[in-house]
Amino acid sequence: MGMTTLRDAYKRWTARIGRSALALLALIPLLGVATGLAGATSAEQSPSAGAVYVIPVQQTVQSGLAAFLDRALNEAEEAKASLVVLDVDTPGGRLDTAEEIGKRIREASVPTVAFVTGKAASAGAYLSLNAGDIAMAPGSMIGAAMIVDGAGNAVENPKYISAWSEEMRAAAEINGRNPDIAIGMVDPNRVVEMKEIGETSRQGQIISLSAENALKVGYADKLANTVEEVIAWKGLSDRAVVEIKPSLAEKVSEFLTSPGISLLLLIIGLAGIVIELLVPGFGAPGITGLVAFGLYFFGQSIAGFAGMESLVVFLLGIGLLVLEVFVPSFGILGILGIISVIAGITMGAYDTRNALRSLGIAALVAVFVVGVVVYIFRKRGVWNRFILKEELTSDRGFVSQQPREHWIGQTGTTVSLLRPSGIAEIGGQRVDVITSGEFVDQGKAVQVTSVDGTRIVVKEIPGNAANLNKDV
């Protein structure tokens, strides 16, 4: 009966996990479709060589923007563009992503101009400084590159401030701009005199420049109201203009790869899978968890970070965790499964260290969620699959033993020697009996004095056993 229960449970598990896995595998073809969508803009247009490419930089600086800019710059380089205009309006973002984008802009094989139409703050200022020229629209600003944490609080670690200050200084020096101003945009303790505008930054302040002041101190090369004015300034008004915009897939990827959303997907994915393993019978938690992981890998894939190998490693880990439930392996399959899941997630992330940190946070939150769900549905836990819960009660037709109270007072004859237990014939039935300790010979008359569970206690009756009425 135990093996049958185990086989039935295994069949139900494999069927449910199979359906859940299909939900994730169904998303795999979307990766190829979305990748095709990412290049739809370039496929629809066939600009002539020497065109001017306009690329918007109007979102938070994070992994999705890095993938989009790399794709757009590749198109411009393949088309041998005369100029790339980066339309900048960003509040900043991740420093590591900014460094990657800045390097890509510096190494571009086509001329670049950063046209600041709104804010070029923080990481946005760094990107602009890495372009060949900077044009700014009236009312725009550049600067305020102080390092802040996720809550917007200033980071005062001297190591980080020094490293980022050097990055900004190097970017400023590329085109002969005053490096002290770039450092003053990062370090509030740096005092910088800007004679061109008659100002000196005081301690506790970071430098932020308006378009007019940026032009005066050399942090802008041109004031312009429109992209057309920037193109005319470069003497390329006769060239075709190609506007590169993020595709639908890239917009979705930008959303899915943002730190908050990717962390939420990891929490939902981990919690859903673990709940399905510990509290089977629903199916919804497992499917939800796999879909969340599918969206995670989808976003990372479109951003250019996750390949098919990371998804395969992740699915292998899920399979090993499922096998651990049914196959005795002393935890080996479970450990290999956990390692594979972690490896798959980190392989598909932009930054391994950041992915591990996010995974750790997600695991802690997921443990709490799983704990609550397991407590609520504790009676449906996987451990109950291997426990026989059927009660053998009389109302279900099971009778453990016949009542024996009716034996009390009846008499009979010993069939065997009682020392002190043996067999007696009472009421026409042979039953096991026991005395209170005394021995009784075979053929002696006895009377039942008490019944204790399955024990029938008798005592010898003096006299001739043959004269006793056995049916009394």
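The values are calculated or read from the model by the stated rules, or taken from the named source; none is laboratory data. A quick note: this is a predicted structure, and the numbers were derived from the prediction, not measured. FYI the Cβ positions are ideal-geometry reconstructions off the backbone, even for glycines, and counts take in every protein chain you see. Just so you know, the surface numbers come from the protein's heavy atoms only, side chains and all, with ligands and any DNA or RNA stripped out. Shrake-Rupley method; radii C 1.70, N 1.55, O 1.52, S 1.80 Å.
Tell me, what is the FRET efficiency for Glu196 and Val110 to the nearest 0.05, using R0 = 35 angstrom and their Cβ-Cβ distance as r? After rounding to 0.05, the efficiency reads 0.70. Hey, quick one: spin label on Thr449, modelled 7 Å out along Cα-Cβ, who in segment 415-437 has an amide N within reach, i.e. under 16 Å? Hits in segment 415-437 for Thr449 at 16 Å: 418-422, 433-437. The packing ranking of peptides 191-197, 179-185, 416-422, 207-213, highest mean first, is 179-185, 207-213, 416-422, 191-197, where packing means the average number of other beta carbon atoms within 10 angstrom of each residue. All other residues with a Cβ under 12 Å from the Cβ of Ser210 taken together, and with Lys, Arg as +1 and Asp, Glu as -1, what is their net charge? Overall, the nearby charge balance is 0. Computed from the C-beta positions of Lys216 and Glu166 and an R0 of 25 Å, the FRET efficiency is 0.50 to the nearest 0.05. Accessible area per residue for segment 410-449 is 49 Å², calculated with a 1.4 Å probe on protein heavy atoms, without ligands, DNA or RNA. Cross-linked pairs Lys195/Lys251; Lys159/Lys245; Lys195/Lys245; Lys119/Lys234; Lys216/Lys251: Cα-Cα separations exceed 32 Å for Lys195/Lys251; Lys159/Lys245; Lys195/Lys245; Lys216/Lys251. In this simple spin-label model, placing a label point 7 Å from the Cα along the Cα-to-Cβ direction at both Ser416 and Asn175 gives a separation of 10.9 nm. Per-residue Karplus couplings for segment 178-189, computed as 6.51 cos²θ - 1.76 cosθ + 1.60 with θ equal to phi - 60°, are listed in order as 4, x, 5, 5, 4, 5, x, 6, 9, 9, x, 8 Hz, Gly and Pro entered as x. For segment 170-276, the share of accessible area belonging to carbon and sulfur comes to 51 percent (1.4 Å probe, ligands and nucleic acids excluded). Within straight-line reach of Lys444, meaning a Cα separation under 14 Å, sit the following aspartates and glutamates at least 8 residues removed in sequence or on another chain: Glu425, Glu460.
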